[in-house]
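Notes follow the structure.
The values are calculated or read from the model by the stated rules, or taken from the named source; none is laboratory data. For clarity, every value in this text was computed on a predicted model and none was experimentally measured. Glycine also receives a Cβ, built like all others from the backbone with ideal geometry; neighbour counts cover every protein chain displayed.
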Amino acid sequence: MSELGIKEKPDKDKFDTAIDSLTNENVFIMKYLYENFSMEDVEKYTSWDVNLSVERRIGPLKNVLIQMLNKLARKALLNTFIKTLIDEGQFLIPLKCYESVQITDDYGKITIIKCTAKRKFNKAVKKLGCKDYPWASEGVGYCKYWCSPLFKKFLAYIKVPLEIEFTNKGCIITASFEKK
């Protein structure tokens, strides 16, 4: 929490409560859509939310600038994207959860060992009785429907393909440059 500038215990508690509430709301919406409509509607909702998150951060002007810079310095752009995602995503995945971040001429790799967002999502799934739902199975619902689509959407701007390997408590995210 100190990475975010939150040092006082009451503020940390409020912050945790807000994140838990946001996670519970998302799980509740997914549960409602699945029970009353279909799995396709759950996927549409999560896709819409991911797109909204990306569009709020990358407007049309930034997109044009990214496309121009992409031709010049892909590694620098990937480095900037990864740092931005880590910095702006600390409210869900604090720095202490990252085991390593590597960026070379060929790839960028992030290893997350204890994903707090995944843990909170799975806790909300259990609390709301959705553990056997297809979008919550295997404990990777958050990863499949929120996190990995968000990373993929961001990295699509610089045309870098992404591979994600889910682990028990985290994941390994690899963005590899295609050889030109």
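Among residues of segment 75-129 being farther than 17 Å from Leu150 by Cα and among the aromatic types (Phe, Trp, Tyr), the one that is nearest to the chain's Cα centre (by Cα) is Tyr98. Of the helices (runs of 4 or more DSSP H) lying entirely inside segment 1-118, those carrying at least 3 residues that are in contact with a strand residue (DSSP E or B) (Cβ under 7 Å, 6 or more places away or on another chain) and either at pLDDT below 90 or surrounded by 12 or more Cβ atoms within 10 Å (Cβ to Cβ) (or both) are 74-88.
Table: residues versus (1) modelled with pLDDT of 85 or more; (2) surrounded by 18 or more Cβ atoms within 10 Å (Cβ to Cβ).
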residue: Trp146; (1), (2): yes, yes
residue: Phe151; (1), (2): no, yes
residue: Ala156; (1), (2): no, no
residue: Pro161; (1), (2): no, no
residue: Glu165; (1), (2): yes, no
residue: Ile173; (1), (2): yes, yes
residue: Phe177; (1), (2): no, no
residue: Lys180; (1), (2): no, no
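Looking across segment 132-180, just one residue is farther than 18 Å from Arg119 by Cα, within 15 Å of the chain's Cα centre (by Cα) and hydroxyl-bearing (Ser, Thr, Tyr), and that is Thr174.
Checking Thr116, Thr104 one by one, the residue that is among the polar types (S, T, N, Q), without any contact (Cβ under 8 Å) to a residue 60 or more places away in the chain, closer than 26 Å to Met30 by Cβ and in contact with a helix residue (DSSP H, G or I) (Cβ under 9 Å, 6 or more places away or on another chain) is Thr116 and no other. I'd like to check something: does segment 133-154 contain any residue that is in a strand (DSSP E or B) and farther than 30 Å from Lys12 by Cβ? Within segment 133-154, not a single residue is in a strand (DSSP E or B) and farther than 30 Å from Lys12 by Cβ.
Only residues that are in contact (Cβ under 8 Å) with a residue 24 or more places away in the chain and either part of a helix (DSSP H, G or I) or more than 22 Å from Glu55 (Cβ to Cβ) (or both) were counted in segment 155-166, giving 2.
Is it the case, given these coordinates, that Ala156 is among the small types (Gly, Ala, Ser) and in contact with a Gly (Cβ under 7 Å, 6 or more places away or on another chain)? Considered against the rule, which asks whether it is among the small types (Gly, Ala, Ser) and in contact with a Gly (Cβ under 7 Å, 6 or more places away or on another chain), Ala156 comes out as no.
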